[in-house]
Amino acid sequence: MKIFKFSCINLWCTKNLVDTQYLLGRIFTLTETEPDYDLKYFTDAYDQDVDFVFLNTCGFLSSGRQEMMAEIEDLLAQDKKIIILWCGAQYFQTFKEADVWKDADAKEEFKEWKAMLKNKNIMLLSWKDFDIFALKKIYDGKQKSKFGKFEFSESPRAYTNSLQWFEYLKIAEGCSTCCTFCIIPKIRWKQRSLEMAKILNEVENMVKSGIKEIILISQDTSRYGEDLYGKPMILDLLEQIENINWNFKYRVLYLYPDLIDLDTIARLKKFKKMVPYFDIPLQHISAGLLKKMWRKYDPSKVTEILENIRKSRKDAFIRTNFIIWFPGETEKDNQDLIDFIGKWYFDNIALFEYHDEPLAASSQLPNKVDWKEINKRFRKVKTVMEKVIDEKNELRIAKEQKWFVVDIVEKKGEVKIIVRPWLHTPEVDPYDEIGDEEILSKKSRIKIWDLIEYKISL
């Protein structure tokens, strides 16, 4: 009997995490067809006993690929055998050096990748190989890969967040929106939605497994079903989820603003199980820049959406993200963004510095902003953003909150309880830090993952 001692590392997004969970489920079923192998899984990939590490990678930004390369270097230094998965590998396997020959940094990146693949301790696994890879091939270092489209798996899935009472459900793969700054459609291809019946079946499996909160994700959730049913079906899907007769909550991430209208907001208000959380990636508020990004809305549309959400849902939590210094951004564009943030629409904002990716259409745009100006603008926007978010958080003081305990820590001799408020998305929005005296639902002993009610004091 050979023991296959392995671990997994998941880099970057939650969509990647779902893929990793399916990979884990698939690996744990392989002993049925390969009885000569026994599995031993380690949560720490750097444990000295780990032989094989499945590394799920990001190829979306150069910083993600740099993180992948650094992780590979560290693992090789520990004499691990590495199986590189998906996006980061897909980036290099899909394109050639000729695609980026004008970009010196990108050329160097491709050269580094080719040199790295010569290492005998590195293997590649693409999504196309998902249902056919074998423990014996990986164990013997003979796993070969033919890269193909990302598809949905029929294998079991390991719910790695179940102890925290939440889990992600990916309802579509790829993206057809083709924003100029994004290369996702090139490395994960056009949107392919998961059939509604399969989604509903997974929701039932999750809640039967004890999951209290389901987070629906995809690259462009608003367009769920467009490829299967000829039109967006996200609201119809949510209506079906509402009809599942179990006690649970769900939230929807990445609702693109061009498909949100007054009817959408009105229908969403009727959904009782849905957390009133609106994750709307706006990217900017300048009409000119939105057009260059190939975003299909303008500032007046954005303002209408936000004002109507605030009017119809007093308890709504609105999150967005903005790109700073997109090519052609002027001082006026930057100031318009600052003024817009100052209008108090948002409860949380993610700021991203523009990355000039060589395979993105935006890399060919003129009027790039220099680094000194970038840093100045970023600091200005961040200062205003932090002031607004801090003031929003102060409004929560003395109001009743509830949800699950994430951690219990000791700080300067005091025990502090870390709680994720029910409106906040895990791993995205800030958690609350409270003392025992702020808990309303008193228990003999507070434990991690307890559901509690509390008030934040001054």
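Do we have any residue at all in the range 237-256 that's within 30 Å of PRO299 (Cα to Cα), basic (Lys, Arg), out of contact with any strand residue (DSSP E or B) (no Cβ under 6 Å at 6 or more places or on another chain) and at pLDDT 95 or above?
Checked against the condition, which is being within 30 Å of PRO299 (Cα to Cα), basic (Lys, Arg), out of contact with any strand residue (DSSP E or B) (no Cβ under 6 Å at 6 or more places or on another chain) and at pLDDT 95 or above, the range 237-256 yields no hits at all.
Which of the residues that make up the range 1-32 are open to solvent by less than 40 Å² (accessible area, probe 1.4 Å), under 21 Å from TYR46 (Cβ atoms) and not polar (S, T, N, Q)?
Within the range 1-32, PHE4, PHE6, CYS8, ILE9, LEU11, LEU17, LEU23, LEU24, ILE27 qualify.
So, restricting to strands (runs of 3 or more DSSP E) that lie completely within the range 380-448, which ones have at least 3 residues that are out of contact with any Ser or Thr (no Cβ under 6 Å at 6 or more places or on another chain) and of a type in the set (A, V, I, L, M, F, W, C)?
Values: elements: 400-411, 414-419, 432-434.
Result: 400-411, 414-419.
Does any residue of the range 367-383 turn out to be of a type in the set (A, V, I, L, M, F, W, C), more than 16 Å from PHE181 (Cβ to Cβ) and surrounded by fewer than 16 Cβ atoms within 10 Å (Cβ to Cβ)?
Yes, that holds for at least one residue.
Would you mind finding the one in ASP390, ASP333 that is open to solvent by less than 80 Å² (accessible area, probe 1.4 Å) and under 24 Å from LEU282 (Cα atoms)?
Of the residues listed, the single one that is open to solvent by less than 80 Å² (accessible area, probe 1.4 Å) and under 24 Å from LEU282 (Cα atoms) is ASP333.
Do you know which residues across the range 26-62 are at pLDDT below 95, among the small types (Gly, Ala, Ser) and farther than 20 Å from TYR254 by Cβ?
SER62 - this is the single residue of the range 26-62 that is at pLDDT below 95, among the small types (Gly, Ala, Ser) and farther than 20 Å from TYR254 by Cβ.
For a quick check of your reading of the model, give me the residue pairs whose first member lies in the range 101-114 and is open to solvent by 100 Å² or more (accessible area, probe 1.4 Å), whose second is in a helix (DSSP H, G or I) and among the acidic types (Asp, Glu), with beta-carbon atoms closer than 8 Å and at least 6 apart or on different chains.
Partner pairs satisfying both residue conditions: LYS111/GLU97.
When the residues of the range 125-155 are filtered to those that are assigned to a loop (DSSP other than H, G, I, E, B) and modelled with pLDDT of 90 or more, which remaining residue is surrounded by the fewest Cβ atoms within 10 Å (Cβ to Cβ)?
ASP140
For LYS118, indicate whether it is of a type in the set (Lys, Arg) and part of a loop (DSSP other than H, G, I, E, B).
The answer is yes for LYS118.
With respect to LYS212, is the statement that it is open to solvent by 20 Å² or more (accessible area, probe 1.4 Å), out of contact with any Gly (no Cβ under 8 Å at 6 or more places or on another chain) and not small (Gly, Ala, Ser) true?
So LYS212 fits the description; yes.
Just one of GLY328, GLY342 is closer than 30 Å to GLU109 by Cβ and over 23 Å from the mean Cα position of the chain (by Cα); which is it?
Of the residues listed, the single one that is closer than 30 Å to GLU109 by Cβ and over 23 Å from the mean Cα position of the chain (by Cα) is GLY328.
Select from the range 423-445 the residues that are of a type in the set (A, V, I, L, M, F, W, C) and surrounded by fewer than 16 Cβ atoms within 10 Å (Cβ to Cβ) and list them in ascending order. It would help to see each step written out before you state the result.
Let us first name the residues in the range 423-445 that are of a type in the set (A, V, I, L, M, F, W, C), namely 423, 428, 434, 439-440.
Scanning the range 423-445 gives VAL428, LEU440.
Among the residues of the range 97-119, how many are closer than 17 Å to GLY64 by Cβ and touching a helix residue (DSSP H, G or I) at 6+ places or on another chain (Cβ under 6 Å)?
4
Among ASP279, ASP347, which is the only one that is within 19 Å of LEU235 (Cβ to Cβ), modelled with pLDDT of 95 or more and surrounded by 20 or more Cβ atoms within 10 Å (Cβ to Cβ)?
On inspection, the qualifying residue turns out to be ASP279.
Out of everything in the range 389-417 that is among the aliphatic types (A, V, I, L, M) and over 24 Å from the mean Cα position of the chain (by Cα), what residue ends up being farthest from LYS291 (Cα to Cα)?
From the range 389-417, those among the aliphatic types (A, V, I, L, M) are 389, 395, 397-398, 405-406, 408-409, 415, 417; that's our starting set.
Within this subset, residues satisfying the condition of being over 24 Å from the mean Cα position of the chain (by Cα) are 395, 397-398, 408-409, 415, 417.
Numbers: LEU395: 36, ILE397: 40, ALA398: 43, ILE408: 47, VAL409: 47, VAL415: 51, ILE417: 46 Å.
Checking each candidate, the answer is VAL415.
I'm checking my understanding of the structure. Among residues of the range 63-98 that are modelled with pLDDT of 95 or more and part of a loop (DSSP other than H, G, I, E, B), which one is surrounded by the most Cβ atoms within 10 Å (Cβ to Cβ)?
Top of the filtered list is LYS80.
Quick one: how many residues across the range 33-78 are within 18 Å of the chain's Cα centre (by Cα) and basic (Lys, Arg)?
Matching residues across the range 33-78 total 1.
Determine which member of the set ASP236, ASP220, ASP227 is within 27 Å of PHE317 (Cβ to Cβ) and open to solvent by 30 Å² or more (accessible area, probe 1.4 Å).
ASP236
In this structure, does LEU282 turn out to be touching a helix residue (DSSP H, G or I) at 6+ places or on another chain (Cβ under 9 Å), among the hydrophobic types (A, V, I, L, M, F, W, C) and closer than 30 Å to GLN164 by Cα?
In short, yes.
The values are calculated or read from the model by the stated rules, or taken from the named source; none is laboratory data. Everything numeric in this text was worked out from a predicted model, so none of it was measured. Note that each Cβ is placed from the backbone with ideal geometry, even for glycine, and that neighbours are counted across all protein chains shown. Heavy atoms of the whole protein, side chains included, go into the accessibility calculation; ligands, DNA and RNA do not. Shrake-Rupley method; radii C 1.70, N 1.55, O 1.52, S 1.80 Å.
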